[in-house]
Amino acid sequence: MPYFEACLRETMRFDTTVPLTIPHRAMKDTTLAGYDVPEGTMISANLVMLHMDKEIWGDPENFRPERFLRDGKLDLSLDKSLPFGAGRRLCAGETYARQSMFQVFAAFMQTFKVSTADGKPRKLSPRIQGILTTIPEYWVKLNLRN
Ligand code: HEM
């Protein structure tokens with residue numbers, strides 16, 4: 001189960017569902033990462049940049065759930081990803097979404113063996129970028145596990 005949770009976290013890091021946070025407005029003059037930010041400035045955090053930062057992840061281009069595990073246990077201090085944003089306006093559905101994904105995908109993977117439709121390895125699909133990241137049509141084959 002820790003490995004499965006690590007897979008979910010790595011999936012959301014590797015393939016950021018919401019690439020930009022909801023735009024926020026600076027309520028007073030401030031500084032951010034050394035930049036002056038005047039009151040009223042619109043700011044959106046780029047979560048893809050965070051999730052693909054080499055300095056944070058070392059090898060962000062690799063899908064490697066083990067990066068969240070220490071001695072076989074999930075270690076949340078290793079998870080610097082923010083798929084649900086952060087701060088006062090972070091996603092209101094984070095807990096619900098994390099729990100639902102865990103329950104639905106764990107049951108799904110326990111029930112089915114999943115492969116590509118023709119059984120051959122496929123490259124990642126191109127991504128369609130919008131408010132959410134989606135992919136074009138992509139067929140998979142499900143076989144019931146014994
Ligand atoms: C995997 C699923 C989801 C992801 C990756 C996601 C991600 C996000 C992100 C990145 C934001 C912007 C946070 C920010 O600006 O800092 C957001 C906002 C929000 N999300 Fe989600 N979300 C998910 C599911 C849900 C669900 C299931 C609900 C409701 C049941 C929900 C409700 C909201 C609401 C209400 C906001 C606006 C919060 C505010 O501005 O105060 N989200 N979400």
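The values are calculated or read from the model by the stated rules, or taken from the named source; none is laboratory data. These figures come from a predicted structure and were not determined experimentally. Don't worry about glycine lacking a Cβ; one is built from the backbone with ideal geometry, like all the others, and counts go over all protein chains shown. Please note that ligands, DNA and RNA were not included when accessible areas were found on the heavy atoms of the full protein model with its side chains. Shrake-Rupley method; radii C 1.70, N 1.55, O 1.52, S 1.80 Å.
Descriptive notes on the structure:
- Degrees between helix 94-111 axis and first principal axis of the chain (Cα, 0 to 90, nearest 10): 10 degrees
- For the options 132, 82, 124, a Gaussian network treatment of the chain with springs between C-alpha atoms closer than 10 Å singles out 124 as fluctuating the most.
- Computed [θ] at 222 nm, helices only, for the chain once each DSSP H run of length n ≥ 4 contributes -39500 (n - 2.57): -8000 deg cm²/dmol
- Within straight-line reach of residue 54, meaning a Cα separation under 22 Å, sit the following lysines at least 8 residues removed in sequence or on another chain: 80.
- Helix 2-14 axis, angle to the chain major axis (alpha carbon atoms, nearest 10°): 60 degrees
- Lys/Arg +1, Asp/Glu -1 at C-beta; the chain dipole; positive extreme among 93, 23, 146: 146
- Loop GluC sites (Glu not before Pro), segment 65-146, which have at most 14 other Cβ atoms in a 10 Å radius of their Cβ (DSSP): 137
- Whole-Å semi-axes of the ellipsoid equivalent to segment 1-87 (Cα gyration tensor, √5λ, descending): 30, 12, 12
- Here's the list of lysines a cross-link from residue 113 could span, going by alpha-carbon distance under 18 Å and ignoring same-chain residues fewer than 8 apart: 141.
- Inter-centroid distance (Cα atoms) of segment 108-129 relative to segment 43-63, Å: 24 Å
- For segment 2-110, the solvent-accessible area of protein heavy atoms averages 68 Å² per residue (probe radius 1.4 Å; ligands and nucleic acids excluded).
- Its Cα gyration tensor gives the chain an equivalent ellipsoid; the semi-axes, largest first and in whole Å, are 33, 18, 15.
- Rounded percent of accessible protein surface that carbon and sulfur make up, the chain, 1.4 Å probe: 60 percent
- Residue among 116, 11, 21 with the largest mean-square fluctuation in a Gaussian network model of the chain, springs linking Cα atoms under 10 Å: 116
- Efficiency of FRET between residue 120 and residue 1 - r from beta-carbon atoms, R0 30 angstrom, step 0.05: 0.45
- Taking the chain as a Gaussian network of alpha-carbon nodes connected by springs under 10 Å, the highest mean-square fluctuation of the residues 67, 127, 13 belongs to 127.
- Derived scalar couplings ³J(HN,Hα) [segment 42-50; Karplus, 6.51 cos²θ - 1.76 cosθ + 1.60; whole Hz; x for Gly, Pro]: 8, 10, 10, 7, 8, 6, 5, 4, 4
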